[in-house]
Structures are given as C-alpha cells and as structure tokens.
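Since the structure comes first, as structure tokens, the remarks are kept for the end.
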Amino acid sequence: MPDAPPTTPITTVAPDHRYDSSGQAPIELDQVKKAFGSFKVLDGISAAFTENAITTILGPSGTGKSVLLKHIVGLMEPDEGRVRIFGQDLWDMKEDERFEIRKRFGLLFQDGALFGSMNLYDNVAFPLRRHTSKSEADIRETVMHYLQQVGLENALDRVPSQISGGMKKRAGFARALVMQPEIIMCDEPDSGLDPVRTKLLCNLIKELHAEHGGTYVVITHNIEAARTLSDYVGVLWHGELVHFGPADEAFNSDEPFVRQFLAGSDEGPLGME
Ligand SMILES: Nc1ncnc2c1ncn2[C@@H]1O[C@H](COP(=O)(O)OP(=O)(O)OP(=O)(O)O)[C@@H](O)[C@H]1O
Ligand SMILES: [Mg+2]
C-alpha cells in the first residue's frame, strides 16, 4: 500500500446546505485571555474566522497555538473574553449544549489520535456509531466513501501500529470528516512527516476542503504548508495575533516578526528565547 493520497479531482466549493446562512462568523474570539500562573499565553485575542475558508495559525513552539485551539473547541475556558461558535457563547450555555456544539467540529490531532486497538474501519466508523443512529449498512457506505477519499480503502483491516505516520494522519482526517462537520480543526497535521508526505497531505486537505467546504483552522509551524493551504493566516506571538487576515497580506507583511517568521529567517525579533 503506497503512502500516497489519491488524486481526487478538485471541484469548486459546494454551496452546501449545512452552513449557516446568517452571515455570522462560525468562530469568533473576543478579547480572549488565558494565563497559566503568571505566564500569559493568550493576552486578548480577537478574531473572526471566515466561513468556508482555510485559516492557518502559525507561530513558534510554545506560543499558545494548541491552547488557542482548545479554546475554540471548548476544551479550555478563557480567563476573560468570549468564544462564540455560530454566534453562541460557548461559556454561556449548559454543558450538554456545549457537547452538542462540539459535534459540529471535526478534530485532527497531531498523531491522528486513532484508537490503537481498533482497525482503521472501526476508527473511522467510531463517531457515527457513537453519535448517530445510522444503520451499519449506512455507516459502511459513509466510512468506505471517506476511506476511499483519503486513499485507505485497501487498508481498512489494519490497526494503527501497522501503518505509516502519513497513513495515520489520513485515517485521522477521514475520521474528522465522517460526521460532515462544519468546522475542521487540525493541530499540526504535518508534524513528523517528511516534506513530500507533508505536501501530499496538504494537497489532500485542500482538495477535500474544495469538495466538501467547511471552515478549516489548521495549526502549523510549517511555512510551506501554510503557503499551500491558507486563504487566511493568523500569526500568534507573545500572546497576541500579530497578523490576522488574508494570506497574501501575511506573506507581504512589513511587521518585523511576521516577516521574519514567514521567511524562516534568523534575523529579526525572534531568537532562542
Ligand atoms: N494545561 C496547561 N497548564 C499549564 N501550562 C500549559 C497548559 N497548556 C499549555 N501550557 C503552556 O502554555 C504554553 C503554550 O502551549 P501550547 O501547547 O499552546 O504551545 P504551541 O504553540 O501549541 O506549541 P507547539 O508548536 O510546540 O505545539 C506553553 O508554555 C505550555 O507549557
Ligand atoms: Mg501545539
């Protein structure tokens, strides 16, 4: 089984009925603050993510990207500020309502976060069995569709220890997509992959986004991945978004840190801190 994704034809974003037509940003952060002890990780983050676009969040290690993601999915509560998903304040609702909103997210974690004891088929079927009352026949149709889209239809009997890192990420991506979520969050989908696999995975993410639509937030410190994927770019540094806006503006920014980071340069305000 070669570790290469399929060549799905790129189609334009489907005007999909699943998306809110209210014009409301799917994800809105309003002056979000989070500190651990005296260490301010998020120091007043405000951002509205664009519907149906891919936004990448870039920044050095330890800068708070994963913490930001946890705030968006409601796994961490801000010390101050608001997080609104489809206009609803995540922390102004009951726990079970927050749980319902989480079903509208697909999450792709760093290592795919697959269940080690389950084969790929059961891993991808898991959310459908857990959260829907679909019949096994319907589940099979959906699971096979997504496994085929990520090029793993011939590996469905394998358990995670029997597949490569790139295949794990693709299986994780299939599992993130299977509930047809409106928001997909990927935390460093490229980590641990060689440059070629990273490129192939980014192409796959872009193709499936073009086909299915959805609001994607991709966290990375890989500049090439950000160049391939981004419609919008957020650059996080010292607790603030030093850039948040269209990708071409980020890559042409005059802001010293943004310029240094996106150029991968050793000259600029970022050092070995
Ligand atoms: N639950 C926690 N308790 C205490 N400190 C935490 C907690 N979670 C994160 N931190 C700290 O917050 C900072 C930001 O962490 P985070 O994981 O968001 O970084 P990151 O930007 O995702 O880094 P990387 O690129 O290496 O994944 C780090 O200094 C980390 O140690
Ligand atoms: Mg992280």
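Summary of values
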item: Of all DSSP beta bridges in the chain, antiparallel share, percent nearest 5; result: 55
item: Gained length - Asp248 relative to Gln88, 0.36 nm times residue gap less alpha-carbon distance; result: 54.6 nm
item: Local net charge near Ser46, Cβ-Cβ under 9 Å (Lys/Arg +1, Asp/Glu -1); result: -2
item: Over region 39-148 - Rg/Rh using Cα atoms and the Kirkwood inverse-distance radius; result: 1.01
item: Inter-label distance for Lys103 and Glu224, nm, one decimal - labels placed 7 Å from Cα along Cα-to-Cβ; result: 4.1
item: Calculated FRET value between Gln31 and Ala210, using beta carbons and R₀ = 35 Å, to 0.05; result: 0.55
item: Virtual spin-label span in nm between Asn203 and Asp231, 7 Å along Cα→Cβ; result: 2.2
item: Cα centroid separation - region 217-273 against region 68-121, whole Å; result: 25
item: Residues in region 165-194 that a label on Arg158 would reach, taking backbone N under 16 Å of a point 7 Å out along Cα→Cβ; result: 165-175, 193-194
item: Percent of Cα pairs exceeding the 22 Å cut-off, where the set is region 142-227; result: 22
item: Extension reserve of the Asp43-Asp96 stretch, reckoned as 0.36 nm per residue once the Cα distance is removed; result: 16.2 nm
item: Share of alpha-carbon pairs per 5 Å distance bin for the chain, given as whole %; result: 1, 6, 13, 16, 18, 17, 14, 9, 5, 1, 0, 0
item: Summed residue charge, Cβ within 13 Å of Val32's Cβ, Lys/Arg positive, Asp/Glu negative; result: -2
item: Computed FRET value (nearest 0.05) for Glu141 with Phe115, which takes r as the C-beta separation and R₀ as 30 Å; result: 0.90
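FYI, it's all coordinate maths here, none of it is from the lab. This is a predicted model, so every value here is computed, not measured. Neighbour counts run over all protein chains shown; Cβ positions are idealised from the backbone, glycine included.
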